[in-house]
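The structure appears below as structure tokens.
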Amino acid sequence: MKKFLIVILVAFVIIQFFPIDKTNPPVNIGMDFVNIKNTPENIAQVLKTSCYDCHSNETKYPWYSSIAPSSWFLKNHIEEGRKELNFSTFAVYEPKRQIHKMEECIEMIEKKEMPLESYYIGHQDAKLTDQQRQMLIKYFKAQIEDTKIKNAIK
């Protein structure tokens, strides 16, 4: 048993030599959702607190992002989040795709699937209240309608 624990400890120390890349891609505010949609400050703040760490190029890496293997899980989660929806590059989405992404946001918020429960461990301030959920849903619905009107989409 003692040898097993030593092997585990040595393996844990060795994996610390393989850190994740914490460099965020550049941010162009002219492509960011909050800016292109002229998002009110109160809604922008909720989005930035509850969504932007995983769904933008403005990730703020917590202390545990320096400890493998949790850092690897975190990096993978961020990459997947950005791949699914990146608020920092929202302007590059075609209008129909923007609408689809906002519909997905509504669905995830309604089902309480976002933010993820695991995200709350280190980010209690990201937990959405029912009032914040309703505010975001209403806002996304209004933005969907606005996008449809501006782009003549039915």
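When you scan segment 30-90 for helices (runs of 4 or more DSSP H) that lie fully inside it, which ones turn up with 1 or more residues that are under 12 Å from the mean Cα position of the chain (by Cα) and more than 19 Å from His123 (Cα to Cα)?
Here the list reads 70-84.
Somewhere in segment 95-115, is a residue under 20 Å from Pro40 (Cα atoms) and of a type in the set (Lys, Arg)?
Yes, segment 95-115 contains a residue that is under 20 Å from Pro40 (Cα atoms) and of a type in the set (Lys, Arg).
Being charged (D, E, K, R) and farther than 17 Å from Thr39 by Cα is the filter; apply it to segment 108-147 and report the residue that is farthest from the chain's Cα centre (by Cα). Outline the logic, then answer.
Restricting attention to segment 108-147, the residues satisfying the condition of being charged (D, E, K, R) are 110-113, 117, 125, 127, 130, 133, 138, 141, 145-146.
With the extra rule that they be farther than 17 Å from Thr39 by Cα, the set shrinks to 110-113, 117, 125, 127, 130.
On the way: Glu110: 16, Lys111: 16, Lys112: 14, Glu113: 12, Glu117: 13, Asp125: 14, Lys127: 13, Asp130: 19 Å.
This residue is Asp130.
Of these, Ser70, Ser66, which one is among the polar types (S, T, N, Q), surrounded by fewer than 16 Cβ atoms within 10 Å (Cβ to Cβ) and in contact with a helix residue (DSSP H, G or I) (Cβ under 6 Å, 6 or more places away or on another chain)?
Ser70
Taking the residues in segment 11-50 that are open to solvent by 50 Å² or more (accessible area, probe 1.4 Å) and among the β-branched types (Val, Ile, Thr) as candidates, determine which candidate is nearest to Glu94 (Cα to Cα).
The extreme case among them is Ile36.
Within the set of pairs 6 or more residues apart or between chains, which connect a residue that is among the charged types (D, E, K, R) inside segment 25-54 to a residue that is at pLDDT 95 or above and not in a loop (DSSP other than H, G, I, E, B) with Cβ atoms less than 6 Å apart?
Partner pairs satisfying both residue conditions: Asp32/Ser88; Lys37/Gln143.
The values are calculated or read from the model by the stated rules, or taken from the named source; none is laboratory data. Please read all numbers here as calculations on a predicted model, not as lab measurements. Cβ sites come from the backbone with ideal geometry, for glycine too, and all protein chains shown count toward neighbours. We work out accessible area using only protein heavy atoms, side chains counted, and drop any ligands, DNA or RNA first. Shrake-Rupley method; radii C 1.70, N 1.55, O 1.52, S 1.80 Å.
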